[in-house]
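The values are calculated or read from the model by the stated rules, or taken from the named source; none is laboratory data. Worth saying up front: this structure is predicted, and the values here are computed from it rather than measured. So basically every Cβ, Gly included, is an ideal-geometry build from the backbone, and we count neighbours across all protein chains shown.
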Amino acid sequence: MGNSVLLIEDEPNIIEAISFILSRDGWTVHSHSNGADAAGEVLRRMPDVVVLDVMLPGKTGFEVLQEIRGHKESATIPVLMLTARGQTKDREKAEGFGANMYMTKPFSNSEVLENIRSLVS
Amino acid sequence: MARVSLIGTRIRERRISKEIRQTDLAKLVGISPAYLNLIEHNRRRIGGKLLLDIAEKLEVEPALLTVGAEAALLSSLHQASADFTSAPVEEDRIEEFAGRFPGWAQLIVQQNTEIANLKDGVEALNDRLSHDPFLATALHEVISTVSSIQSSATILVESEDIEKEWRDRFHRNIFEDSSRLAQTSESLVGYLDPAEDEGVSQASPIDDLDQHLSENGFWMTEIASNTQSETSRDTTYMHKVIGADRFVYDAFMTKHEGIVRKIPNEILTAAEDQTDDPGEMALLCGVSIPEIFHRLAFRPKQSGVTSYGYLSADMAGAFLSKRSIEGFSLPRIGGGCALWPMFDALAQPTVPVVEDIKQSGRGSDTMRAYAISEPVGENSFSRKPRYITHMLLKPVDSGATEPKMVGVNCRICPIEKCPARRETSILSNGF
């Protein structure tokens, strides 16, 4: 497919698992584990999809999402929030800040893959 | 006076039925037998802490001494009705009900008390789960680790053609994650269910110190002269606490020893004999109001000596020192109630504030809250001072004026439409 995805996640084993699944599906996968400069990494990579955790060192995923949406270049990149925070208010907050999709951990590999595919279809 | 006379008589009846000698009861509550005799013969008024102490020693609810069994039952039935407004009852027939069915009435009261206790337990647990940073971090770690294990395991199960290198890597990841999960789980269990003999709890250092001092009846220092200092410290406790706990203990004791040296016991007692106003006591002792607050709050629990509660906080609302007191709940985690006078005092530094307050909910007593804030640290035209606010709490009988209703913190506060509310209360949706 040739699409690229940027995983912003601080859990190395989750990065590895998702990277494996996506790579096998033909995606180019990059990862970043710090919230502080994550929005900058998005601008540098300009991926087709961003997978974003909420609980990150440096800045929260919500703050990163706001920054992504605040830049003209990255404002329309599809963002899938993947987080352990499953409360309705967190989901609403993410949607309010412009997340395209919201998934909670623990997640199913196939569901993650299908959702990421759907974001570029 | 009719009510007063009944109190004395009820105390006497209860004491005799418990087969306690007047001399013994007097000794237990720290008054002279002659004074107790005057009380029992309705020649002295009684209330406040002494009444609570006597009720405790006689193993009876204070209300039964003050208003009698029947009135206490009726009051409790009214309370039960007020607690469950969704089930309207015939309020005007409560007396008839209690009279005709005293057993059922008692059952309702007991059930209502039990429900209230359960609510308190739920509130405490909810407060902990909602505000405890350790729990939040640990639970997030558990979910993340479980996600990683599940994802890696799914790959191993579903990818038949997986390369050996990848397979080994996911096996290793699962092993690492499961080890981490075991550690986190163990740590969580230890946190939620600490062993009774565990020396250091997971409470904040300020709470640990408050608990330690309280368990020891605040018998830590009664320094008689300027020559003593280190001897006042509890070496057993010092050996037990480390890190932040030790830092808080050392800082507290250094301050405490300095204040005790400035206000020796005889000077404090002499000031208390002249006035019950802490501000006046400070003037008589030649010390600041926060110093007299500290001195009054942190002294050994003894019969006949008023027990005070005390709190100090910085401008961010973080507690710096606590002395808990029965009848006024202090939050274990998070800030307190913004309606407390100590926070009003921050708006007018160095101006004393006094107000009678009472926390909403059961088991709370009316407290006279004396509060003042003061600048600390170096102060100059180029450096803004920091302010510390202090509040001394003294149990008082409910007077003619209604005390201001305050909370513990928003999460477990039932006051509706509070202008200071920061977040919704778990009580607002009922139990």
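Some observations on this one:
- Against the conditions (1) touching a residue at least 12 places away in the same chain (Cβ under 8 Å); (2) under 27 Å from B:Gly327 (Cα atoms), B:Ala82 satisfies every one except (1).
- Test: residue in segment B:125-145 that is out of contact with any strand residue (DSSP E or B) (no Cβ under 9 Å at 6 or more places or on another chain), at pLDDT 80 or above, farther than 30 Å from B:Gly407 by Cβ and of a type outside the set (S, T, N, Q): yes
- None of B:Thr389, B:Thr424 is in a strand (DSSP E or B) and either at pLDDT below 80 or among the β-branched types (Val, Ile, Thr) (or both) except B:Thr389.
- If you go through segment B:21-43 and keep only what is buried (at least 16 other Cβ atoms within 10 Å of the Cβ) and either modelled with pLDDT under 85 or not in a helix (DSSP H, G or I) (or both), you end up with B:Ile31, B:Asn42.
- Restricting B:Ser179, B:Ser148 to those that are farther than 20 Å from B:Asp83 by Cα, more than 11 Å from chain A (Cβ to nearest Cβ) and modelled with pLDDT of 80 or more reduces the list to B:Ser179.
- Here is the figure for segment B:45-61: residues that are in a loop (DSSP other than H, G, I, E, B) and either without any contact (Cβ under 8 Å) to a residue 12 or more places away in the chain or buried (at least 17 other Cβ atoms within 10 Å of the Cβ) (or both) total 4.
- Of everything listed in (1) within 11 Å of another protein chain (Cβ to nearest Cβ); (2) surrounded by fewer than 21 Cβ atoms within 10 Å (Cβ to Cβ), the single unmet condition for A:Asp53 is (2).
- Residue within segment B:345-353 that is touching a helix residue (DSSP H, G or I) at 6+ places or on another chain (Cβ under 7 Å), over 21 Å from B:Ala124 (Cα atoms), hydrophobic (A, V, I, L, M, F, W, C) and buried (at least 17 other Cβ atoms within 10 Å of the Cβ) present: yes
- Number of the exception - A:Arg24 against (1) of a type in the set (D, E, K, R); (2) out of contact with any Gly (no Cβ under 6 Å at 6 or more places or on another chain); (3) more than 14 Å from chain B (Cβ to nearest Cβ): (3)
- Sole exception among (1) at pLDDT below 90; (2) in a helix (DSSP H, G or I); (3) in contact with a Phe, Trp or Tyr (Cβ under 6 Å, 6 or more places away or on another chain) for B:Leu156, by number: (1)
- Residues in segment B:364-386 that are part of a loop (DSSP other than H, G, I, E, B) and either touching a residue at least 40 places away in the same chain (Cβ under 8 Å) or basic (Lys, Arg) (or both): B:Lys384 alone.
- Restricting attention to segment A:82-103, the residues that are modelled with pLDDT of 90 or more and within 14 Å of another protein chain (Cβ to nearest Cβ) add up to 2.
- Residue within segment B:94-102 that is of a type in the set (Phe, Trp, Tyr) and part of a loop (DSSP other than H, G, I, E, B) present: yes
- Any chance B:Ile333 is among the β-branched types (Val, Ile, Thr) and modelled with pLDDT under 90: yes
- Note on segment A:1-40: residues that are among the small types (Gly, Ala, Ser) and free of Cβ contacts under 8 Å to residues at least 24 places away in the same chain total 4.
- Exclusive hit being of a type in the set (S, T, N, Q), at pLDDT 95 or above and within 23 Å of A:Pro12 (Cα to Cα), set A:Ser31, A:Ser108: A:Ser31
- Condition met for A:Leu43 (away from every other protein chain (no Cβ under 14 Å) and within 12 Å of the chain's Cα centre (by Cα)): no
- Residue that is crowded, with 19+ Cβ neighbours inside 10 Å and touching a Phe, Trp or Tyr at 6+ places or on another chain (Cβ under 8 Å), where the choices are A:Ala99, A:Ala94: A:Ala94
Residue-by-condition table, conditions (1) within 30 Å of B:Arg167 (Cβ to Cβ); (2) surrounded by 18 or more Cβ atoms within 10 Å (Cβ to Cβ); (3) in contact (Cβ under 8 Å) with a residue 24 or more places away in the chain:
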position	(1), (2), (3)
B:Glu70	no, no, yes
B:Ala87	no, no, no
B:Arg93	no, no, no
B:Glu141	yes, yes, yes
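- Just one of (1) more than 17 Å from the chain's Cα centre (by Cα); (2) closer than 30 Å to B:Ala63 by Cα; (3) among the charged types (D, E, K, R) fails for B:Arg323. It is (1).
- Candidate set: segment B:159-176, residues that are at the interface with another protein chain (Cβ under 10 Å from one of its Cβ atoms) and part of a helix (DSSP H, G or I); chosen: the one surrounded by the fewest Cβ atoms within 10 Å (Cβ to Cβ): B:Arg172
- Within segment A:1-39, the residues that satisfy the criterion of being buried (at least 18 other Cβ atoms within 10 Å of the Cβ), under 22 Å from A:Arg117 (Cβ atoms) and acidic (Asp, Glu) are A:Glu9, A:Glu16.
Yes/no matrix, rows are residues, columns are (1) within 12 Å of chain A (Cβ to nearest Cβ); (2) over 24 Å from the mean Cα position of the chain (by Cα):
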| position | (1), (2) |
| --- | --- |
| B:Gln110 | no, yes |
| B:Thr113 | no, no |
| B:Leu135 | no, no |
| B:Ala153 | yes, yes |
